[in-house]
Structures are given as C-alpha cells and as structure tokens.
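Report on the following structure.
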C-alpha cells in the first residue's frame with residue numbers, strides 16, 4: 001500500500017470516558033494536514049442508535065476543542081469485528097486510531113478482539129491504552145525487525161510519521177546469531193530510511209531474551225511515543241491456539257501506543273516457530 005498522506009482518520013468509539021485518550025492521538029496524527037476525523041460507534045440494537053447519536057456528540061465537541069480540521073460522527077448498526085475495516089475503506093480513511101482496555105472474558109481464551117479487528121484490514125491501526133500522546137507527537141518510535149520481509153511494507157508509513165514529527169527511529173533486532181535475525185532485511189530497512197533522510201539507530205536484544213519483552217523494555221527505557229510493527233496475528237487467529245505475540249505489544253505494561261499493519265503480502269504457510277521468541 002502506498003502512503004498518500006493522512007487526510008481522513010477513523011476513530012471507533014465505545015463511548016467510555018477512558019477511551020477519550022484516543023481523541024488526543026487522532027488529533028496529533030491529523031494536525032499536520034488538518035485531516036478529517038470520523039468518530040464511529042457501532043450498535044447491535046436499533047433502539048440504541050438514537051441514544052448513541054446523542055452521546056457521541058460530547059466526543060465531537062471535545063475533539064473540536066483541540067482539532068482545527070473537520071470532525072464528523074457515524075452511528076451505525078454492525079459488528080466491530082466485521083465492520084470497522086469495511087467502514088474505514090468506505091470512508092477513504094488512511095489510519096484507524098482504536099482504544100483498547102485489555103483482553104476481557106473469553107478474549108483470554110479465543111484471542112484479542114483488537115487483533116482480530118486489525119487483521120481484517122490492511123490499514124495501519126494505532127492502538128492506544130491509557131497513555132496520552134505528547135504534544136509534540138511521536139518523536140521516539142521503536143521498530144522491531146525480524147526475518148520476515150513484510151516489514152518493508154510498513155516503512156512508507158513510518159517514514160511519513162517520521163517526517164511529520166521529526167521522529168527518531170529506534171530499530172531493534174534479535175541477536176546476530178539468532179534464527180530470527182536477517183542481515184539483508186536490516187540492510188534494506190536501513191537503506192530505506194537513509195534514502196528518505198530519516199534519523200535512525202540500531203539496537204540488538206540480549207541473547208536468549210524474549211523479543212517482545214525486550215522491545216517493550218527498551219521502549220519504556222527511552223520513553224518511546226510509539227512502537228510500529230507488522231501484524232502477523234492473521235496466521236494464528238483461527239487456529240487451535242489463536243493467541244499471538246502481538247498481544248504482548250498491544251497490551252504492554254508501559255502502555256506505549258502501538259501501530260500495527262497487516263501485510264498485503266501474506267505467506268501461504270503458518271510459521272510454527274514463535275516469531276517473537
């Protein structure tokens with residue numbers, strides 16, 4: 001997918017007060033281009049539509065107070081899992097900013113609802129917990145790199161963010177003797193950033209360490225504003241063991257927001273080796 005600028009952003013709203021932090025992230029992403037932000041609430045019952053339309057107006061007013069661009073709202077009948085990606089495509093959105101409150105109930109058995117929503121779309125999703133965004137935006141961005149070539153698909157999005165916020169990119173990779181390490185992919189990523197004059201530096205995890213935990217610890221140590229990763233959860237969501245290590249990024253204890261992109265080019269096989277080990 002080619003990046004053509006951020007002009008329309010979709011924000012799914014569950015109308016819970018603690019989810020309003022997503023408005024701040026959307027406003028920061030929208031600011032450089034005064035992008036149009038669309039607030040979306042989905043309901044399963046027709047009798048809930050009118051009440052939701054009234055409630056979402058407080059979200060609209062709060063966002064209008066901090067964003068100079070257009071703000072609109074949608075309240076529709078539908079299912080969050082099936083509809084968000086379709087509506088984002090229908091509304092010509094380039095990003096989705098989605099709040100999450102962790103895995104609850106049966107999600108702990110069947111896998112993360114947020115990951116299932118992300119996996120239904122090829123758009124970048126910025127998933128936020130409760131950590132607010134810095135006024136300067138995403139200045140410190142952590143990008144984990146492993147042996148999967150699909151990482152190159154996220155580079156145009158990261159380059160755009162870096163240019164919007166003058167970000168410094170912190171690449172983090174497994175040790176050079178790890179089976180997850182790929183020198184050629186790391187070189188391709190470094191060359192891509194260098195060609196775009198994006199500031200970057202490289203870090204490696206400790207031998208034998210859990211990659212996800214290392215990424216999160218490193219992100220917390222530098223007070224990272226964002227972690228950007230490719231979503232490979234689509235390979236596991238509907239297997240006997242649907243949980244994927246991407247959950248460790250989304251629900252990280254440091255509450256660092258995470259941008260996930262499901263690749264256009266998907267492998268025909270499911271890797272049996274844990275990708276983030």
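All of the numbers you see were taken from the coordinates with simple rules; none came from a lab. These figures come from a predicted structure and were not determined experimentally. As a convention, Cβ positions derive from the backbone with ideal geometry for all residues, glycine included, and neighbour counts pool all protein chains shown.
What the table below lists for this structure:
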quantity	calculated
Least to most buried among 58, 209, 167 (fewest other Cβ within 10 Å first)	58, 209, 167
Sum of -39500 (n - 2.57) over DSSP H runs of 4+, divided by residues of the chain (222 nm, nearest 500)	-9500 deg cm²/dmol
Sites residue 177 and residue 223, calculated FRET efficiency, Cβ-Cβ separation with R0 41 Å, nearest 0.05	0.85
Cβ-based exposure ranking for 98, 152, in which fewest neighbours within 10 Å come first	152, 98
Considering only the chain, percent of DSSP beta bridges that pair antiparallel, nearest 5	10
Using alpha-carbon coordinates, inclination of helix 21-30 to the longest axis of the chain, degrees	80
Cβ-derived FRET efficiency at R0 22 Å, residue 254 paired with residue 16, nearest 0.05	0.50
The chain: angle of helix 155-165 to the longest principal axis, Cα-based, in degrees nearest 10	70
Cα centroid of segment 6-76 to Cα centroid of segment 117-144, whole Å	17
Folded to 0 to 90 degrees: helix 49-64 orientation relative to the chain principal axis, Cα	60
Cβ-derived FRET efficiency at R0 25 Å, residue 89 paired with residue 195, nearest 0.05	0.25
Segment 140-261 - convex hull of the alpha-carbon atoms, volume per residue in Å³	103
Residue order, fewest to most surrounding Cβ atoms within 10 angstrom, among 134, 61, 36	61, 134, 36
